[in-house]
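Have a look at the structure below, then the notes.
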Amino acid sequence: MTWLASCGLEFPDVPGKLFEAVPAATASDPIILKLAFVTDQTSFDAATAPDMEVKIVGQPEAAKLEKDSAPRFTGTLMSYDPDPAFMLHWDKAKVNAEDLPKEKTKTPVKKPVAKRPVKKPAA
């Protein structure tokens, strides 16, 4: 009953363990993250299967999240599937910006400076 009463509410910074990031089929489709709800390192280590399906909108970089990472998201709880296959369904979610993969900037490669041998004066 608690989950049913919570449907439609937005929850901030929901922690999870990522099992899969399904890229969007088109630019208008959401990215689907399959996560397990975790609250500490013990529950993170014990999680073996996802129990949340999260639809991410407007963050294409979320598809680059790595398996077994711990992203946090803010989203609206839309529905749930009861046991035996308990699953929370989230919509209109955004991954915390701190948890998104950073773009790798290309730094120009500097050529090593050629060192010329020092000539010793003839004695």
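The values are calculated or read from the model by the stated rules, or taken from the named source; none is laboratory data. Computed from a prediction, not measured in an experiment: that's the story for all the values here. Accessible surface is based on the protein model in full, side chains and every heavy atom, while ligands, DNA and RNA are left aside. Shrake-Rupley method; radii C 1.70, N 1.55, O 1.52, S 1.80 Å.
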Taking the alpha-carbon distance from residue 102 and a cut-off under 15 Å, which aspartates and glutamates remain once sequence neighbours fewer than 8 residues away in the same chain are dropped? 61, 66
Amide H neighbours of residue 73 under 5 Å, at least 5 residues apart or on other chains, H built in the peptide plane: list them. 13, 14, 96
So what J values fall out for the stretch 74-90 if you push phi through Karplus, 6.51 cos²θ - 1.76 cosθ + 1.60 with θ = phi - 60°, rounded to Hz, Gly and Pro as x? 10, x, 9, 6, 9, 6, 8, 9, x, 4, x, 10, 4, 8, 9, 10, 10
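Give the accessible surface of the stretch 29-87 per residue, rounded to a whole number of Å², with probe radius 1.4 Å and ligands, DNA and RNA excluded. Before the final figure, lay out the partial values.
Numbers: 3240 Å² over 59 residues.
On a per-residue basis, 55 Å².
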Would you list, by chain and number, the aspartates and glutamates whose Cα falls below 13 Å from the Cα of residue 64, excluding same-chain residues fewer than 8 positions away? 20, 99, 103
